[in-house]
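Colleague: First, the structure itself, so that you have it in front of you.
The values are calculated or read from the model by the stated rules, or taken from the named source; none is laboratory data. These numbers were taken from a predicted model, which means no experiment stands behind them. Cβ placement follows ideal geometry from the backbone for every residue including glycine, while neighbour counts extend to all protein chains displayed. Surface areas here come from the heavy atoms of the whole protein model, side chains and all, with no ligands, DNA or RNA. Shrake-Rupley method; radii C 1.70, N 1.55, O 1.52, S 1.80 Å.
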Amino acid sequence: VGFDENIGRVLKVLEESGKLDDTVVMVTADHGYFLGEWHFMDKRLMHEPSIRVPLLVRYPRMIKPGSLNDRMALNLDLAPTILELAGVKVPSAMQGSSLVPLLEGNQAAPWRSEWFYAFYEYPGPNMVPKNRGIRTERYKLIEYWEENPKQYELYDLQTDPGERHNLYGEAQYASLTQDLLRRLH
């Protein structure tokens with residue numbers, strides 16, 4: 001509740017000062033969080049509850065109110081976005097891509113079709129095995145690379161958004177698995 005109330009307070013101050021529609025307001029978080037899914041708490045595995053992060057942007061001069069975009073935005077896209085919105089050239093060495101084309105509603109804008117994940121703080125206080133993976137628009141491959149033997153998970157997020165059926169090792173997914181492993185490594 002405090003988070004929502006404080007965002008409301010910021011919006012109210014901007015409105016009272018007459019600057020609300022001239023201000024880009026971005027609300028996000030640094031990670032998702034397990035709330036009992038798979039009997040997990042916390043955030044360090046590559047499953048959707050842990051990696052999905054809210055991103056709300058309000059800027060009526062550019063963004064149609066109520067619009068949605070399901071493209072894969074990452075936290076590293078925020079800095080290039082802020083720079084572009086401020087009229088500052090984005091350094092070529094900066095990782096991430098400006099979200100401005102997506103914010104403008106350009107559904108045809110070229111955009112990433114996959115991204116890489118890694119967690120490697122083990123052993124440590126959370127005792128989560130080192131894991132990395134590749135997430136595409138439809139599939140996710142997770143590799144626990146220090147396990148002996150290595151362990152893998154493969155999910156079709158279109159047909160199994162809850163990631164309940166591990167497809168790794170199933171013959172009909174062998175080619176896809178090899179392609180994802182190649183791209184991961």
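Colleague: Between E114 and D179, what length comes free when the chain is fully extended (0.36 nm per residue of separation minus the Cα-Cα distance, one decimal in nm)? Before the final figure, lay out the partial values.
Modeller: Values: separation 65, 0.36 × 65 = 23.40 nm, distance 1.26 nm.
Length gained between E114 and D179: 22.1 nm.
Colleague: If packing is taken as the mean number of other Cβ atoms within 10 Å per residue, what is the order of 169-181, 90-102, highest first?
Modeller: Values: 169-181: 12.8, 90-102: 14.8.
Ranked by mean Cβ neighbours within 10 Å, highest first: 90-102, 169-181.
Colleague: Let me spell out the model: positive unit charges on the Cβ of Lys and Arg, negative unit charges on the Cβ of Asp and Glu, origin at the Cα centre of the chain. What dipole size does that give, in debye rounded to 20?
Modeller: Values: 21 positive and 26 negative charges, 76 e Å.
I would put it at about 360 debye.
Colleague: With charges only on Cβ, +1 for K and R and -1 for D and E, what is the dipole size of segment 53-158 about its Cα centre, in debye, rounded to 20?
Modeller: Values: 12 positive and 12 negative charges, 77 e Å.
The calculation lands at about 380 debye.
Colleague: Ignoring everything except DSSP H segments at least 4 long, calculate the 222 nm mean residue ellipticity for the chain; use -39,500 (n - 2.57) per segment, divide by total residues, nearest 500. Let's see the in-between values first.
Modeller: Working: 5 runs with 42 residues, N = 185.
Theoretical 222 nm ellipticity from helices: -6000 deg cm²/dmol.
Colleague: Tell me, what HN-Hα J-couplings in whole Hz come from the Karplus equation 6.51 cos²θ - 1.76 cosθ + 1.60 at θ = phi - 60° for each residue of segment 87-98, using x for Gly and Pro?
Modeller: x, 9, 5, 6, x, 5, 7, 6, 6, x, 10, 5
Colleague: In addition: If the reach is capped at under 29 angstrom between alpha carbons, list the lysines near K150, excluding any in the same chain fewer than eight residues apart.
Modeller: K43, K130, K140
Colleague: Okay, next question. Residues with amide H under 5 Å of Y139's amide H, sequence separation 5 or more or different chain, H placed in the peptide plane at 1.01 Å from N; which?
Modeller: Placed amide hydrogens put L157 under 5 Å from Y139.
Colleague: Magnitude of the Cβ-charge dipole of segment 17-88, K/R +1 and D/E -1, about the Cα centre, nearest 20 debye?
Modeller: Details: 8 positive and 9 negative charges, 30 e Å.
For this selection, approximately 140 debye.
Colleague: Let me ask something else. Can you give the accessible area per residue of the chain, in Å², using a 1.4 Å probe? Spell out each step's value before the answer.
Modeller: Values: 11800 Å² over 185 residues.
Computed with neighbouring chains in place, this is 64 Å² per residue.
Colleague: For the charge dipole of segment 62-185, defined by +1 on Lys and Arg C-beta atoms and -1 on Asp and Glu C-beta atoms about the Cα centroid, which residue among G66, Q158, L85 has the Cα displaced farthest towards the positive pole?
Modeller: L85
Colleague: Which sequence of D4, D156, D70 reflects their accessible areas, 1.4 Å probe, from the largest down?
Modeller: Details: D4 110, D156 5, D70 135 Å².
Listed by decreasing accessible area, they come as D70, D4, D156.
Colleague: Defining a contact as two alpha carbons under 8 Å apart and six or more residues distant in sequence, what relative contact order in percent does the chain show?
Modeller: Across the chain, relative contact order equals 12 percent.
Colleague: Hey, can you rank 60-69, 110-119, 128-137 by average C-beta count inside 10 Å, highest first? If you can, show how the numbers build up before the last one.
Modeller: Working: 60-69: 10.1, 110-119: 13.6, 128-137: 18.7.
By packing density, highest mean first, the sequence is 128-137, 110-119, 60-69.
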